[in-house]
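Asker: A single structure is presented below for examination.
The values are calculated or read from the model by the stated rules, or taken from the named source; none is laboratory data. What you see is a predicted model, and the numbers here were worked out from it, not measured in a lab. Cβ coordinates were reconstructed from backbone atoms using ideal geometry, including for glycine residues, and neighbour counts include every protein chain displayed. Protein only, heavy atoms only, side chains kept; ligands, DNA and RNA dropped before computing areas. Shrake-Rupley method; radii C 1.70, N 1.55, O 1.52, S 1.80 Å.
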Amino acid sequence: MKKNILLALSLALALSATAQKKPNVIVVLADDIGTGDLSYYRKLHSDKIILETPALDQLAREGMIFTDAHAPAALCAPSRYAIMTGNNCYRSYAPWGVWGSYQPSPIKPDQLTLGKLMKNAGYSTAFFGKWGFGSDFYEKDNPNKIYQGSRQKIEMDVDIRQIAGNGPKQNGFDYSLMFPSGIQNVPYAVYENEKWMPLESNSKIGFISQENMTKIGVTLDKEEGLGDTAWDPHNMGPLLVNKAVNFIEKTDKKSPFFMYYCSLAVHLPHSPSKELNGKKIAGSTPSAHMDMIKELDVQIEMLIAALKKKGEYDNTIFIFTSDNGGLQIKETGQSGHKSSDIYRGGKNQPYEGGHRVPFIVSWPGQIKAESISDTPIVGLDILGTLAAVTNQKIPEGQAIDSANLLPILLGKSKSPVHPYIISQSGTSKEAIITQDGWKLIIAFDKKDKSDQIRKPFALYNLNDNLEEKENENLIDNPKYQSKVASLFETYNQIRATEKATKL
């Protein structure tokens, strides 16, 4: 009891130092970045560095990195729901994702979000980049009806000139520069404050075909469909970061701001810009994928420079993480670059490479430089942490699964914040529960829409098998059946409460 009181007093004193002026907050959610994509992380395990990431490394040196951080899922859409709301993926109506831009958002109108949380604290809030949730668009020629798409065909009966609802504004963001599906899917357009922002003076809404994209060296990652006729993904990264820099430059220094920056990099189609911030990007590394990693690092460099020029860097909390693990690209692997570092697998897979991600937090003067934490955490802990930073109590029934990392960040505690870590794969439908280094992968029946049919699939002792070597899968070893049963029961008990907490 006494220890808890002293910890609370210590945290209160630490926060009081910034009470007169609340810290700005920038959260960067990168797309498909693995731990091995950051040279600072890679150097923890190898001297062979193929691609340096100086800006991200600087951020890591000046703050704290987490070596056991996980995305809520190994796939972007469910992860983004969890990070935005502080709830595990299975609490949404589509726990495995992936929903399209023309489908209902998983975020309910009464749910707490990062934007709403920071707006409640008096922050000027801004969203930049890939939205990744469904949104509302009107039917073409019918402004009184919301279009609902099936994603089973090319969808042309949509009015994509504006977001009709369930966009950044409705989720607490005062300003937004939003790409509904990043650079990967329809609509291929950009929205400023939920209105279509023409990319060129002669832009029109038209059909974005693979034939036209081939002319500019782009292979669409997903469907053909509606978009801005000037659409060129090579230009979207620079557009995004320059708009974010402009936002920082124009902020009122008398009041704090919150920026949620969801980068377009490094998702397919890999379409790096020719140059950015005076640095050559396209063709400067062994693969277009790695060019995109470099472009992301330069974007971070630009955001940091803008903060310093404004005199706000020392009063800004900067959080960097990823929506899932890294990509496994042939040309990248042949160069010797390992996006997943020492971990098995990558994006969309249940192995550590699919959901173990970089997680960096910088706060000059508050977080000790060059700090490393091995506490297991999840990306959805961002919301609980920012609630603590802004002295807010999370309402009952909101952000159910989000933990507060502030005591760890301020060096006041090393205690675990989760009794176990819950994550999931992607389209292959596996759940992951990890406790005290023991990891159980649970396979779900893909045909079972209720998610009730599931069975243990693999057991790994990460304490001495962090690489998850297949020949050390202990699932059928009689010696460890009690461990399998215990973890499986714990997971089933967690999901048994799902109906009562379905949001």
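Asker: Pairs to check: Lys250/Lys368; Lys449/Lys483; Lys21/Lys310. Give those whose C-alpha atoms are more than 21 Å from each other in this structure.
Answerer: Details: Lys250/Lys368 29 Å; Lys449/Lys483 28 Å; Lys21/Lys310 15 Å.
Distance filter (> 21 Å) returns Lys250/Lys368; Lys449/Lys483.
Asker: Just the accessible area for Cys89, please: 1.4 Å probe, Å², rounded to the nearest 10?
Answerer: Approximately 10 Å² of Cys89 is accessible to the 1.4 Å probe.
Asker: Right, next: At what distance in angstrom do the alpha carbon centres of the stretch 212-237 and the stretch 296-363 lie from each other?
Answerer: So the two Cα centres are separated by 25 Å.
Asker: Can you classify the stretch 289-381 as rounded, prolate or oblate using the Cα gyration tensor, where a ≥ b ≥ c are the square roots of its eigenvalues, rounded means a/c under 1.5, and otherwise it's prolate if a/b beats b/c and oblate if not? Write down the numbers at each step before the final one.
Answerer: Numbers: a/c = 2.70, a/b = 1.53, b/c = 1.77.
Oblate, since a/c reaches 1.5 and b/c is not below a/b.
Asker: Pairs of lysines 8 or more apart, or on different chains, with alpha carbons under 26 Å: count those in the stretch 108-166, would you?
Answerer: Pairs that pass both the separation and distance tests number 12.
Asker: Let me ask another. Suppose we keep just the DSSP beta bridges with both residues in the chain; what percent of those would be antiparallel, to 5? Intermediate values should be presented prior to the final figure.
Answerer: Working: 40 of 71 bridges.
Counting DSSP beta bridges with both partners in the chain, the antiparallel share is about 55 percent.
Asker: Toward the positive end of the charge dipole of the chain, about the Cα centre and with charges on Cβ (Lys, Arg +1; Asp, Glu -1), which of Pro478, Pro256, Ala496 goes farthest?
Answerer: After comparing all options, I get Pro256.
Asker: Give me the distance between the Cα centres of the stretch 413-483 and the stretch 365-390, rounded to whole Å.
Answerer: 25 Å
Asker: Can you say what percent of the DSSP beta bridges in the stretch 34-191, counting only those with both residues inside, are antiparallel? Round to 5. Mind dumping the intermediate values first?
Answerer: Numbers: 6 of 13 bridges.
If I count the DSSP bridges inside the stretch 34-191, around 45 percent turn out antiparallel.
Asker: If you filter the stretch 98-171 for trypsin sites (Lys or Arg not before Pro), then keep DSSP loop positions with at most 12 other Cβ within 10 Å, what is left? Working shown, then result.
Answerer: Working: sites: Lys116, Lys119, Lys130, Lys140, Lys145, Arg151, Lys153, Arg161, Lys169; in loops: Lys140, Arg151, Lys153, Arg161.
Filter output for the stretch 98-171: Lys153.
Asker: Express the carbon and sulfur contribution to the solvent-accessible surface of the chain as a percent, rounded to the nearest whole number, probe 1.4 angstrom.
Answerer: Numbers: 10240 of 20570 Å².
Roughly 50 percent, rounded to a whole number.
Asker: Please give the charge dipole size of the chain, origin at the Cα centre, charges +1 on K and R Cβ atoms and -1 on D and E Cβ atoms. Round to the nearest 20 debye.
Answerer: The calculation lands at about 1120 debye.
Asker: If you don't mind, another one. In terms of the Cα gyration tensor, with a ≥ b ≥ c the square roots of its eigenvalues, is the chain rounded because a/c is under 1.5, prolate because a/b exceeds b/c, or oblate? Show your work: numbers first, answer last.
Answerer: On the way: a/c = 1.31, a/b = 1.16, b/c = 1.13.
Verdict is rounded for the chain.
Asker: Follow-up question, since we're still on this one. So how much accessible area does Arg61 have, in Å² to the nearest 10, using a 1.4 Å probe?
Answerer: Here the accessible area works out near 110 Å².
Asker: Something else now. Rolling a 1.4 Å sphere over the protein heavy atoms, what is the accessible area per residue of the stretch 191-333, to the nearest Å²? Walk me through the numbers before you get to the answer.
Answerer: Details: 5880 Å² over 143 residues.
For the stretch 191-333, the solvent-accessible area averages 41 Å² per residue.
Asker: By the gyration tensor of its Cα atoms, with a ≥ b ≥ c the square roots of the eigenvalues, what is the shape of the stretch 63-132: rounded for a/c under 1.5, prolate for a/b over b/c, or oblate?
Answerer: Numbers: a/c = 1.72, a/b = 1.08, b/c = 1.59.
Verdict is oblate for the stretch 63-132.
Asker: Counting helices only, and only those DSSP H runs with n ≥ 4, report the 222 nm mean residue ellipticity of the chain as the sum of -39,500 (n - 2.57) divided by its residues, in deg cm²/dmol to the nearest 500.
Answerer: Result for the chain, helices only: -7500 deg cm²/dmol.
Asker: Can you sort Leu410, Leu44, Leu239, Leu177 by solvent-accessible area, 1.4 Å probe, largest first?
Answerer: Leu44, Leu239, Leu410, Leu177
Asker: Phe179: accessible area at probe 1.4 Å, nearest 10 Å²?
Answerer: Rounded to the nearest 10, the figure is 0 Å².
Asker: State to the nearest 20 debye the size of the charge dipole of the stretch 220-276 about its Cα centre, where the only charges are +1 on K and R beta carbons and -1 on D and E beta carbons. Provide the component values of the computation, followed by the final result.
Answerer: Numbers: 6 positive and 8 negative charges, 88 e Å.
It works out to roughly 420 debye.
Asker: For Cα pairs less than 8 Å apart in space and 6+ apart in sequence, what is the mean separation divided by the residue count of the chain, i.e. the relative contact order in percent?
Answerer: On the way: 1142 pairs, mean separation 117.0, N = 503.
Relative contact order of the chain: 23 percent.
Asker: For Tyr351, Tyr41, give me the order by solvent-accessible area with a 1.4 Å probe, most accessible first, ignoring ligands, DNA and RNA.
Answerer: Values: Tyr351 30, Tyr41 10 Å².
Most to least solvent-accessible, the answer reads Tyr351, Tyr41.
Asker: Which order do Asp47, Asp157 take when ranked by solvent-accessible area (1.4 Å probe, heavy atoms of all protein chains), largest first? Don't skip to the answer; put the middle values down first.
Answerer: On the way: Asp47 155, Asp157 95 Å².
Largest to smallest exposure gives the sequence Asp47, Asp157.
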